[in-house]
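Take a look at the structure set out below.
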Amino acid sequence: MSHPYRQAQYTISATQLSELPVDEGIEVAFAGRSNAGKSSAINTITDQKSLARISKTPGRTTEINYFRVNETLKFVDLPGYGFAKSSFHKRKDWAPLLEEYFAKRQSFKAVVIFMDIRHPLKDSDRDLIDLCNNSDVAFIPVLTKSDKLSNNQKAKAVAAVNRQMQDCEAIAVSSKDIVGFDKLTRAILEFC
């Protein structure tokens, strides 16, 4: 696997819009339910072991974390959602920040939505997809932990998600087996 994002570096964490970096270049955000494997996927796609912190307590991150990839591209790690039956819109601490970010951020081009392949398209995932559609933001559905299923089960899970998606195709990945990240890398590059 090639690693065009290997030079990514953490730059800043923000809890309010005024703390975000200058609104220029291209921002691709990473989002997902808590424990969906988002941090592992960020570390795999950047070929770094601990760029994104992997918490033993899912749902702890309530900040927007920025990673500078190059002069133009930034990765934006959004807070995990859906932990402890708390839906996307009920997370009062950061839901307004995200809604404002989606509505106002000019450099924000796409969001990679990470979902556990065994439990995709939960209500909180659908809320985020609705936010993307309502904000006219492109998204890439990514099904994590594909190593947990057989090839046949994996194909069925991807097909089931694709039937419910409009104009985009789910990508199955495994951070454990380093599978699917070439496809995800190419999908992100389309926005650069």
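The values are calculated or read from the model by the stated rules, or taken from the named source; none is laboratory data. Since we're looking at a predicted model, the values are computed, not measured. Positions of Cβ are generated from backbone atoms using ideal geometry, with glycine treated the same way; all protein chains shown enter the neighbour counts. Calculation scope for accessible area: heavy atoms of the full protein, side chains included, ligands and nucleic acids excluded. Shrake-Rupley method; radii C 1.70, N 1.55, O 1.52, S 1.80 Å.
Before moving on, here are some points about what is shown:
- Each of K148 and R6 was given a label point 7 Å from its Cα along the Cα-to-Cβ line. The distance between the two points is 3.1 nm.
- Distant-in-sequence amide H partners of I171 (H built 1.01 Å from N, under 5 Å): V142, L143
- Estimated FRET transfer efficiency (A160, F191; beta-carbon r; R0 25 Å; 0.05): 0.45
- In this label model, Q16 and D130 are separated by 2.8 nm, measuring between points 7 Å along each Cα→Cβ vector.
- Selected from A29, Q153, F114, residue furthest toward positive end of dipole (the chain; charges at beta carbon): Q153
- Ligands, DNA and RNA are left out, and with a 1.4 angstrom probe the accessible area of the chain is 51 Å² per residue.
- Taking 20 Å as the limit for the C-alpha separation, the pairs K49/K145; K49/K156; K109/K145 exceed it in the case of K49/K156; K109/K145.
- Per DSSP, loop GluC sites (Glu not before Pro) in region 1-37 with at most 14 further Cβ within 10 Å: E24
- Remark on D116: its backbone amide H falls under 5 Å from those of T144, a criterion applied only to residues 5 or more positions apart or on other chains, H modelled at 1.01 Å from N.
- Trypsin sites (Lys or Arg not before Pro), loop per DSSP, at most 11 other Cβ atoms within 10 Å - longest free stretch of the chain: 93-192
- With 5 Å bins from 0: P(r) over region 1-51, alpha-carbon pairs, percent: 4, 16, 21, 26, 20, 11, 2, 0
- Computed Kirkwood radius, in angstrom, where 1/r is averaged over Cα pairs of the chain: 16.5 Å
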